[in-house]
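Enquirer: I have a structure here, written as structure tokens, and I will follow up with some questions on it.
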Amino acid sequence: MKAKKLISLSLILAMSLAGLTACGGKDNTAGESSASGNTESQGDSAVSASSITILNGKGEVQSQIEKLASTYGSKSGVTVNVKTPGAGVDLQATLKGYYLSDNMPDIITCESASFANWQGLLVDMKDEEWAGRTDSAYVDSDYGTIGFPYTVEAIGLIYNADLLEKAGIDPAGLTSPSAYETAFKTLDDNKKELGLTAAVGYCAEALNLGWSTGNHIFGTYLDAGLARDDTTYIDKLNDGGQFDDARLSDYAKYIELLNKYSDPALLTTGTYDDQVKGFASGRYAFVTQGSWIGALLTGDDKAEYDYAGDFKIGMAPYAFTDGTETIMTSAPSWWAVMKEGHTDEAKAFLQWCSENDGQQILVEEAGFISPYTDCKYVSNDPIASAVSEYISSGKTSAWHWLNMKDGLKDATAPVFLDYASGELDASGFATELKKATADYYAK
């Protein structure tokens, strides 16, 4: 216990420096479930455990993760307790509270930047069998394979394949800015016949959608068209906020196309709901979101999607340079095993999650896109099959925006808004983006 408290003290200091704020130090959970009524307090990992605990960071699939835990419990005899924090709760602050109260889950959820909070406290899983069947594990240069991927998300221009076919546009040819300009103009010229409000559903509102422009769309500058291990542009960015001027110029011209062909009512003041519902109802042929909206098309926006004819959906690359054929994929977060928990039981559970029974629940019921190359299941999510095709064909780039300075979106998103508002031209956008980024890195 003394050793743990010493580690805890250093962790508190590290988290304080990182600016973590606790949510009152309480167990802010929407609920806790287990595969059976058998529970056991956390103890020495050398002692065989009859129960383990996992922190689920995705409240929207709470019931599915609970079924995953229950199914494993019935097969293994090990109870898996699921803690699911409520919507909007800071996961890392919640974990800090658990750690300080000596009530840490065995398996935690971490985004890329969050792993730094637990340096030296997570199990290296490089020798686990599942690690050889995915390229989406979180690997730290110092601490090894510390993140287990349970789903993959993708960023690309999502499109209504039925509308594109009706307009005579071949999405396979959308690999250059000129091809996009021709496609957008064709759609815009035939809006009435196609029932469109606009060719593109793009929104640059900065306060509530800054995560979209400032993280995801900005992230395409860093990775579009590159090999997964190519870190050229994220390395430059992290070296004081530097850019490649030629690539940035091409990128700015492409964003100009999105500004030009988006719905003016959506472009600067719209909401995420407006954007996704507009696409679901067939009013936009393209939408600048990621694979996660598939859950909305079969959930909250199902009525609009059904009314629009349950159209076929595809995903195309952000091709702001000629010959770009990749979409961007990554695990949005990972499950990690605490060294001070029941490590053997936790690793066994994660291994099972990567195998047939676990994958069936995660894919078919939770709607996840599997990061495992041998998974035979495909979600009924209308976007999942398109993403799976890119993964199986090796046409994916990485998500290195996860590695840029934390909070950078707060500096870059307003520049996207100014560009969309007409306050900047392409050259001014590039200049202001460079300035805002350099200033942020200089802090």
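Enquirer: Set Lys and Arg Cβ to +1 and Asp and Glu Cβ to -1, take the dipole of segment 91-137 about its Cα centre, and tell me which of L121, N103, Q92 lies farthest positive.
Expert: Of the candidates, Q92 comes out farthest on the positive side.
Enquirer: Mind ranking K192, K395 by accessible surface for me, highest first, 1.4 Å probe?
Expert: K192, K395
Enquirer: So for the chain: antiparallel DSSP bridges make up what percent, rounded to the nearest 5?
Expert: 65
Enquirer: Let me ask something else about it. At 0.36 nm per residue, minus the direct Cα-Cα distance, what do K312 and S427 gain on full extension? Give it in nm, one decimal, please.
Expert: Contour length minus Cα-Cα distance gives 37.7 nm.
Enquirer: A follow-up question, please. According to a simple spin-label model (label point 7 Å from Cα along Cα-to-Cβ), what is the distance in nm between D229 and E111?
Expert: For E111 paired with D229, the spin-label model returns 2.8 nm.
Enquirer: Using a Cα-Cα cut-off of under 15 Å, which aspartates and glutamates could be cross-linked to K67, ignoring same-chain neighbours fewer than 8 residues away?
Expert: Within the straight-line cut-off, K67 pairs with E32, D357, E364, E365.
Enquirer: Checking a compactness column here: for the chain, what do you get for Rg(Cα) / (2.2 N^0.38 Å), N being the number of residues?
Expert: Compared with the compact-globule rule of thumb, the chain sits at 1.01.
Enquirer: Which of the peptides 342-348, 104-110 is most tightly packed, and how do the rest follow, judged by the mean count of other Cβ atoms within 10 Å per residue?
Expert: Taking the mean over residues of other Cβ atoms within 10 Å, the ranking is 104-110, 342-348.
Enquirer: Once the piece of chain linking E364 and A246 is laid out straight, how much longer is it, given 0.36 nm per residue of separation minus the C-alpha distance between them? Don't skip to the end; give the middle numbers.
Expert: Working: separation 118, 0.36 × 118 = 42.48 nm, distance 4.33 nm.
Result: 38.2 nm gained on full extension.
Enquirer: Which value, in Å², gives the accessible area per residue of the chain when a 1.4 Å probe is used on the protein heavy atoms?
Expert: Here the per-residue accessible area is 42 Å².
Enquirer: Something else about it: D90 to K192: FRET efficiency via 1/(1 + (r/R0)^6), r the Cβ-Cβ distance, R0 56 Å, to the nearest 0.05?
Expert: Efficiency, from the Cβ-Cβ distance: 0.75.
Enquirer: Could you name the aspartates and glutamates in cross-link range of K253, using Cα to Cα under 14 Å and dropping any fewer than eight places away on the same chain?
Expert: Candidates past the 8-residue exclusion: E181, D245, D322, D425.
Enquirer: Taking the full set of protein chains and a 1.4 angstrom probe, give the accessible area of S421 in square angstrom, rounded to the nearest 10.
Expert: 60
Enquirer: Can you divide the C-alpha Rg of segment 349-393 by 2.2 N^0.38 Å and report the result to two decimal places?
Expert: 1.07
Enquirer: Once you order the gyration tensor axes a ≥ b ≥ c over the Cα atoms, which shape class does segment 202-248 get: rounded for a/c under 1.5, otherwise prolate or oblate by comparing a/b with b/c? Before the final figure, lay out the partial values.
Expert: Details: a/c = 2.25, a/b = 1.75, b/c = 1.29.
It comes out prolate by the Cα gyration axes.
Enquirer: Expected output is a single nm value to one decimal: the length gained when fully extending between T271 and Y143, i.e. 0.36 nm times separation in residues minus the C-alpha distance. What is it?
Expert: Full extension from T271 to Y143 adds 42.1 nm.
Enquirer: For each pair in K75/K96; K126/K409; K191/K260, compute the distance between the two Cα atoms and list the pairs where it is over 26 Å.
Expert: K75/K96; K126/K409
Enquirer: Here's a follow-up. With each label point set 7 Å from Cα along the Cα-Cβ vector, what nm distance links S76 and S101?
Expert: Roughly 2.5 nm, to one decimal.
Enquirer: May I ask you to order 167-175, 238-246, 218-226, 317-325 by the average number of other C-beta atoms within 10 Å around their residues, highest value first?
Expert: Ranking the peptides 167-175, 238-246, 218-226, 317-325 by packing returns 218-226, 317-325, 167-175, 238-246.
Enquirer: Please list the non-local residues whose amide H lies under 5 Å from the amide H of S397, H modeled 1.01 Å from N, same-chain partners needing a gap of 5 or more.
Expert: When sequence neighbours closer than 5 places are left aside, the close amide H contacts are I327, M328, T329.
Enquirer: Provide the FRET efficiency to the nearest 0.05 for the D127-S392 pair, computing r from the beta carbons and using R0 = 35 Å. Present the calculation step by step, with values, prior to reporting the outcome.
Expert: Details: r = 26 Å, r/R0 = 0.75.
That pair, D127 with S392, gives E of 0.85.
The values are calculated or read from the model by the stated rules, or taken from the named source; none is laboratory data. Computed from a prediction, not measured in an experiment: that's the story for all the values here. In this analysis, Cβ positions are derived from the backbone assuming ideal geometry, glycine residues included, and neighbour counts consider all displayed protein chains. To get the accessible areas, we keep the full protein, side chains included, count just its heavy atoms, and leave off ligands, DNA and RNA. Shrake-Rupley method; radii C 1.70, N 1.55, O 1.52, S 1.80 Å.
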